[in-house]
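One structure is given below, encoded as structure tokens.
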Amino acid sequence: MSDQNVDPETLQDEIGQIKEAMGLQSAYPYWWRFWIVEGIGVGLLFPLMQLGLNDGFSWWLTATAVGVFLGHQFVLWRIQKAYDRPTSGIPSWDFWHYIIFASLIAAIIGIRPLLGGFEGDVLTLWLVIVGSLMGMAYLYMGQLLEAYNIRRVDRYAFYVGGGWILTLVAAIPHISALENAEFAVFGVGYALYCLVAYVTLSRRY
């Protein structure tokens, strides 16, 4: 077929459909596997933190929590190392995490003098602050992926995640039955989201 027989508008539509069909796996084959690792890691770590906050961080509890965190990081590193580095312009998962961590650290340092110690309702307030930043980061990543024409199911994983995280941090402080279990509930709720996202995305690939 000669170039003269190609309809520019049709060609543009086809290119747009191809771009829209792209999933995160195309550039980051390991990305969707992060969901299950994140879910298991956070689902274990946050309840351990809750035990420490309620009863004190004994040596065995501290060692277990550190072990879970290091194991989580090691598994993520192994998954990422198993694949070639991406060459596309899709936002980096690693850099996105760095942004979240930097935001949380800045919030903790900046707000701590205004809130005092780490007891009672102050802990719940910290959870709300940290969770709100996480939810916002998830929603923002969904928007970034939309700008790169990543397929809807991948974008919605972030949109739903951000909305769910914000729902958790908005609801937990108002449920009296969850008193002294806020971090554990948030961790389990976040873990459930990650597992659902993993199952959904793994079936799409």
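We did not get these values from a lab; they are worked out from the coordinates using the rules stated. Keep in mind the model is a prediction, meaning the values are calculated, not measured.
Viscosity 0.692 mPa s, temperature 37 °C: Stokes-Einstein D of the stretch 140-205 from its Kirkwood Cα radius, in µm² per second?
My calculation gives 251 µm²/s for D.
Figure the gain on full extension for residue 63 and residue 81 (residue separation times 0.36 nm, minus the Cα-Cα span) and round it to one decimal in nm.
Full extension of this stretch gives 3.8 nm more.
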